[in-house]
Amino acid sequence: MSIIQQIREKAAWLVFGLIALSLIGFLLMDAFVGRSRLFGNRSTTVGTVNGEKIEYNDFQRLVSLQEEQYKRSGYPMNEGMQQNIREGVWRQMIEDALLTGDENTLGLEVTDKEINDMLVGANAIQDIKRAFTDPKTGVFDAQAAAARINQMRQLWKAGPKKNADNREYEAARSFFEESVPQIAKMRLREKYTSLLANSAFVPKWMLEKGNADNSQLASISYVNTPYFTIPDSAVKVSESEIADYVNEHKDQFHQEEGRSIAYVVFDASPNAADSAALRQQLTDMKADFAKSDKPEAFLARMGSEQQYFDGYKGKSQIMVPNKDSIFALAKGQVYGPYLDAGSYVLAKKIDEKLMPDSVKARHVLVATADRNGQTLLPDSVAKARIDSVKNLLEHGISWDTVALKYSDDGGGPDGGSKAKGGDLGYFANGQMVKEFNDFSFEGKKGDAKIVKTQFGYHYVQIVDQKNIEPAYKIAYLSKRIEASNETDQRVSGMASQFAGENHDPKAFDQAIQKNNYQKLLAPDIQPSEFSIPGVGASRSLVRWIYEGKLGDVSEPFPVGDKYIVAEITEINAEGLMSAAKARGQVEPILRNKKKAEIIMKKLGTPASLEAAAASAGAGQSVQRADSVLFSSPMIPNAGQEPKVIGSAFNKALAGKPASPPIAGNGGVFVIKVENVSATSNLNADLQQQRFMQEQQQKSRIFGTLMESLRKQAKVKDDRGKFY
């Protein structure tokens, strides 16, 4: 990696450290040992898949590595994100456990030659190709990749050094102990998936039959007696009927372990008084802010949420409220307080000048320290050398010659800037370290100067500057609007009083009605969840829910800027859903079934559609639907009715004045088939159709397999005991 990339990234790691991170985030060592003793649990197993244990340390290590990867990619690591990561790792570990046996049975394996090909060969993975591809030519440098891997291997085999910075060793260890096995697993999974995908086949007769069926059209007349013509009160559905239906459809009513709560929210968010108090606080600071000649120290002393950026930003780059008013200030003046995304802000204009939004520069670097801060050259030696570089360039020696011979900005897969005559290309304001950045953007095109940074001495020349515009140096004193202690204590007291006076479900409900509170519900909370929909992230509340009994009422739980008082309303074990819980899903189905029986009995065996309409009553009439498609379940003005569509193409009904009553989705139908025809499809390309359908099968085949394996597997999830 070149020195200039270190400058740009401020604190860069080894290329392969980043590669290892981008693959699976493996940059951490095993940690969290002993966490399994939390909450009195002595087990080290977070779950099992068909009896095979998943150990806590293995699970947590992968979770931690994924968290580190997301953090390094700039994602906020809140409890919601952590829960998503845990769920993803859990699913992956289940998948691995289910597939490993099949892969072994099939004799699938990955050879060292294949792994080498994925690292430095023609089929190198994208992360490595990206790191070792020349940006100008687009050519992957396999030799540079192989050399770097060998260097990493030597570091790994040598092991960590005592009392030394071992980040390079850790990157190497992560790569060979974590990333390479994952590369092998990825290749093995590709083989397994390919084996499945190649089994996809669509026979010619099936295509021809499908084309023939889908070309059929029908015209029908019908009478529809909707189920809503019979009031719900006229039909009763018993618990035993629901239980029978659930037992007959067990796959549809399997439930995971879960608990439900009812809860009340006590809002402790900032009120108008809190907002006004903070606004006044910043107003009182305004004069002192204007007088201060050290904005960075002033902001730190006042506890500003926004740190001082001691640099300029172009007018087009500044995106804050009231920016035109801020730009119009005289130097040293302060604007505000003004609202910005939940904060009050004071803005002080420090300086203004014309600057480009991007610069192209070239340099020669004489490094005094490596990226870890270890000394490479004494300062006096480096200064003398950069003076010599300056003298050579000023006397006409080419940048290509001087940079290649003297610059320390090199060594990466692209040779760094030294291989390009010191050329750094264009870079945006703020991308370089401060000293380098300030000269590049505050100087003029053609200027050249010796600049000292944390990396050493640079001789820098400004080659080009683009888009000159006003740029401003502005200090922002920002404070978020938060609830005062008085507000928080008042709301906390209300929540505590409510919880203390209402310990059972009856009192809980009565107090809600008496105080005109809103009763909210959170159903089917899983034991391993960290965040409750509608409530927010609160692992402590989830733990209480699983430690309590049915009907228990909690003490107040702080969640964000609110307090929650909850009642446990339902406890469901894993297995078949109870009739009471399934009622909401099953009752409409059974009710419509009973209504269909009543309507069909009323209709009898109608001799014609007119007779059916007369028997149905309630103003029912004969309707018509033309161009009904065999391939579509829709009937215009009636909705999805696949049974009715199927009957329209039933040859046994052709020529009859009326069909027997048909119990559909929305009502009971009696139909008369007026005509059945087919559209021609002379241009059907069977070969293309086969290709498309086989591609669809291939795309679904792995997901279908995993779904089938999961249904047959016995998975036990004990993650909730460890958090």
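Things to note:
- Only one of the listed residues (Arg153, Arg173, Arg167, Arg189) is under 26 Å from Leu65 (Cβ atoms), basic (Lys, Arg), assigned by TED's automatic domain parsing to the domain that holds Met93 and crowded, with 18+ Cβ neighbours inside 10 Å. That residue is Arg173.
- Residue that is surrounded by the fewest Cβ atoms within 10 Å (Cβ to Cβ) [pool: residues in the range 176-185 that are over 14 Å from Arg153 (Cβ atoms), modelled with pLDDT of 85 or more and of a type outside the set (Gly, Ala, Ser)]: Pro181
- All told, Met692 falls short of being closer than 26 Å to Met206 by Cβ, surrounded by 13 or more Cβ atoms within 10 Å (Cβ to Cβ) and either assigned by TED's automatic domain parsing to the domain that holds Ser627 or not charged (D, E, K, R) (or both).
- Within the range 130-146, restricting attention to residues that are surrounded by 17 or more Cβ atoms within 10 Å (Cβ to Cβ) and part of a helix (DSSP H, G or I), the residue that is modelled with the lowest pLDDT is Ala131.
- Only a single item in (1) farther than 29 Å from Leu705 by Cα; (2) touching a residue at least 24 places away in the same chain (Cβ under 8 Å); (3) not aromatic (Phe, Trp, Tyr) is not met by Leu99, and it is number (1).
- Within the set Lys209, Lys204, Lys162, the sole residue that is over 39 Å from the mean Cα position of the chain (by Cα), within 30 Å of Pro636 (Cβ to Cβ), loosely packed, with under 13 Cβ neighbours inside 10 Å and not assigned by TED's automatic domain parsing to the domain that holds Gly646 turns out to be Lys209.
- Extreme residue, modelled with the highest pLDDT, among residues of the range 25-56 that are surrounded by 16 or more Cβ atoms within 10 Å (Cβ to Cβ) and assigned to a helix (DSSP H, G or I): Tyr56
- Test: residue in the range 125-139 that is closer than 19 Å to Gly410 by Cβ, among the hydroxyl-bearing types (Ser, Thr, Tyr) and under 31 Å from the mean Cα position of the chain (by Cα): yes
- Residue count for the range 58-96, restricted to those that are part of a loop (DSSP other than H, G, I, E, B) and touching a residue at least 12 places away in the same chain (Cβ under 8 Å): 1.
- Among all positions in the range 255-266, there is no residue which is of a type outside the set (Asp, Glu), without any contact (Cβ under 8 Å) to a residue 24 or more places away in the chain and farther than 30 Å from Gly604 by Cα.
- The range 145-165 residues that are small (Gly, Ala, Ser), paired with ones that are in a loop (DSSP other than H, G, I, E, B) and modelled with pLDDT under 85 (beta carbon under 7 Å, 6 or more apart): Ala145/Phe132
- Condition broken by Ala328, with the remaining ones in (1) under 33 Å from the mean Cα position of the chain (by Cα); (2) loosely packed, with under 15 Cβ neighbours inside 10 Å; (3) closer than 30 Å to Gly443 by Cβ satisfied: (1)
- Candidate set: the range 368-390, residues that are within 20 Å of Leu424 (Cα to Cα) and modelled with pLDDT of 90 or more; chosen: the one surrounded by the most Cβ atoms within 10 Å (Cβ to Cβ): Val389
- The number of residues in the range 175-204 being of a type in the set (S, T, N, Q) and without any contact (Cβ under 8 Å) to a residue 24 or more places away in the chain comes to 2.
- Residue within the range 333-355 that is outside the structural domain of Asn166 (by TED's automatic domain parsing), buried (at least 21 other Cβ atoms within 10 Å of the Cβ) and among the charged types (D, E, K, R) present: yes
- Options Ala684, Ala638, Ala658: the member that is among the small types (Gly, Ala, Ser), surrounded by 12 or more Cβ atoms within 10 Å (Cβ to Cβ) and closer than 17 Å to Asp213 by Cα: Ala684
- Just one of the listed residues (Pro505, Pro533, Pro527, Pro523) is buried (at least 18 other Cβ atoms within 10 Å of the Cβ) and over 20 Å from Ala268 (Cβ atoms), namely Pro527.
- Here Lys473, Lys445 are screened, and the one residue that is among the basic types (Lys, Arg), touching a Gly at 6+ places or on another chain (Cβ under 7 Å) and closer than 24 Å to Pro356 by Cα is Lys473.
- If you go through the range 69-88 and keep only what is under 22 Å from Ser179 (Cα atoms) and loosely packed, with under 12 Cβ neighbours inside 10 Å, you end up with Ser73, Gly74.
- Scan of the range 353-387 for residues that are assigned to a helix (DSSP H, G or I), more than 18 Å from Gly416 (Cβ to Cβ) and in contact (Cβ under 8 Å) with a residue 12 or more places away in the chain, ordered by number: Lys383, Asp387
- Here Lys479, Lys519 are screened, and the one residue that is touching an Asp or Glu at 6+ places or on another chain (Cβ under 8 Å), within 30 Å of Ser304 (Cα to Cα) and touching a residue at least 24 places away in the same chain (Cβ under 8 Å) is Lys479.
The values are calculated or read from the model by the stated rules, or taken from the named source; none is laboratory data. This is a predicted model, so every value here is computed, not measured. Glycine also receives a Cβ, built like all others from the backbone with ideal geometry; neighbour counts cover every protein chain displayed.
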